[in-house]
Every structure is written in C-alpha cells, then in structure tokens.
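Everything on this sheet refers to the single structure shown next.
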Amino acid sequence: MIGFDYSIKPTIMIVGDIEFPNLIKESEILGLGYISIPDSFDDSKELAIALIFKDKIKGQKVMERFSEWIKISNNDVSAFCFDIIEKDDNSYVICFHQNEKLLIERNIPIEIIPWVNPMITKLTYFKTIDNRSELYYRFKKASSFKKCNIYGSDKTGIIFNIENRIVLDNINFYNEKEINENSHLYGYNPNNVVSINPNNVVSINKEEKVQTNDMNRIKNIKYFFPVLYNEIIKRKYGEELFEELLNDFEEDIIIQAICNLVLEYRMTQEGINIKSIQDVNILEYLVNNYETPNSKFIDFNQCTKEDILEQIARDKEYYKKNIGGE
C-alpha cells in the first residue's frame, strides 16, 4: 500500500564516490608538473600538466578513477572537477571532486529531478602545494585561453596511462577569501569547522513552510490528476461521505487520499509491485503516464470511508517521515 503527499518534494539520497580520497592519499600525490605551456592563444603548443604521484601503480588507479567519472557521465568531461584555491601565504590548494549536477542526473531520471530534493554525499580531496612559481602563473594564464590536458606521471616525470588523459575546458581558480562556509571547498582549511544548531534548522519558519506545502498539494494534484481532480470536485465523491470526512479533515487531504487510491489501483492493474515501490518510482509513473479521460479509474461507489481513512493515515505517515510535521 502506498502513501504519498503531493505538497512536498521527497528527499532522494545520492552517494558519490567516497573512496577516491583514500585512493589519492595512498598514491601520495606530490603536486603538479608542467609539461607544456603556450604563451598565447595562437601558440601551437598544447597546455599540458601532470599530476605527479609517488606510487605509480596507485597513481594509475587514481587517473583511471577520474576517467571513470567521465565515462559513466556519457563522456562529459565536466564530471571531473579540478579547482585551485590560492592562499595568502603564496601556497595553493588543488581540489578534486565530482560535478554535482551530473551526479544527480546520473542517479535520478532527468524528468523527475524538478519533483525531488536531491541530498548528495560526496567528498572533495585537497592537496596543499607550498609555493606558486613562475610556471604556475604561466599555467594559470594559459588555462584562460587553452584547454588543459591533464596526465598522470611518477616522480621521475614519466607519463603513464596516456589513454586516461583528461582534457578540461575549464579550471576554476579562487582566492581563499572567496570560499565561504556554504561552499563544498570550505574544507580546504582543516581548521574550518561549521557549527550547526539542529534546533534552529528545524524551527525555521515552520508555520510558513506548512502553509506553502498546503498550497503545493492541490497545485500538484491538479497537475498529475487533471481529470480525476475535476471529477472529485464536480461530484464531491458522493456528497454525504465527503461532507462527513470534512468534519475531521481538510478538503485537500481527502482529495489527495482519493487520488492515491486511484494511483495504486492503476499501478496494480499494470503489474507494478506496490510492496517495493519507492518515491522515485511513484514520481516516474506520474510523470510518464499523464492522466487522460482514458486512464483507469476505480469504481467510486465501491470505495468506502474506511478505505479513505486508511489512505489518509498512510499519507500522513509519509508526510511526517519526510518533514517531521503533522
């Protein structure tokens, strides 16, 4: 039996690659090597740098992992993010992480992304390099007008795994003063600690949030059930029963319960296993099966007050589980 509330966006947990920081740590990345730096856009030389690893074998695995991020994102090179933070003491921090947008699109069907609240767990790896040299500044300038070829190499300078070369269109450079505590790059400084009071988070404008949810409920029901909604409003689903339910529940809660009964009926009729249904499956079904007059409908005369009350209870439980409300 399903329970679903159309007033909220269900939270979908996404876990990125949380193993790669340990892999880089074990490879003992030493820094950047500058292979080729063009001086202007017209310079025929390519911009090429190397990530230098002390452990060649594990360094190869790191480059393979970065390339894998790109491959599983339909070969979109922006799946691999390489940022640089410049510090006031003339050192800089190289940062590696996954592109959040592509991580979401890889884990959630693109058509339902607007209907969910993705919650991402991902890690960023930081490596501090002690000094910004003249070659560094030439590399930074060249990256503004040339794509950057990134190779892996051992500490002797020998390039390995050329097939895992990454060609980036863009490298982001930041001053450390630009990094605020809401940025995923904030952890570049191990002394940065964000303190969050969970009581404040929960209590922020809760009344206004509930009112917004109530408005969204009917808006979204009209979107997913345009025919059924009009039928319910027109018939008031057997006026006597509807009026009786209104003594204890708001109209939108009753309408939602009826819609969910119909939704479950349709999915069951199509052989969908309701017992193992997830939020994402419900949304996929709704988005991909737009309601028309030819859609399946239950026999309203056979749907009892007990059926609706049971559905309201399931929907309420779903709501409480997702936002902690009533």
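FYI, it's all coordinate maths here, none of it is from the lab. On a predicted model such as this, the values are computed, not experimentally measured, just so you know. Every residue, glycine among them, receives a Cβ derived from its backbone with ideal geometry; neighbour counts consider all protein chains shown.
Worth pointing out:
- DSSP-defined antiparallel bridges as percent of all bridges, the chain, nearest 5: 60
- Summed residue charge, Cβ within 13 Å of D252's Cβ, Lys/Arg positive, Asp/Glu negative: -1
- Euclidean distance between Cα centres, the range 103-177 to the range 51-74, Å: 12
- Charge dipole of the chain (Cα centre as origin; +1 on each Lys and Arg Cβ, -1 on each Asp and Glu Cβ, all else neutral): 1240 debye, rounded to the nearest 20.
- Total lysine pairs in the range 59-146 at Cα distances under 23 Å, for residues eight or more apart or on different chains: 12.
- Length added when fully stretched, I113-F145, from 0.36 nm per residue minus Cα-Cα: 8.1 nm
- Long-range tail of P(r) for the chain (Cα pairs > 37 Å, %): 41
- Isotropically averaged projected area of the range 229-326, using the convex hull of Cα atoms (one quarter of hull area), nm²: 6.8
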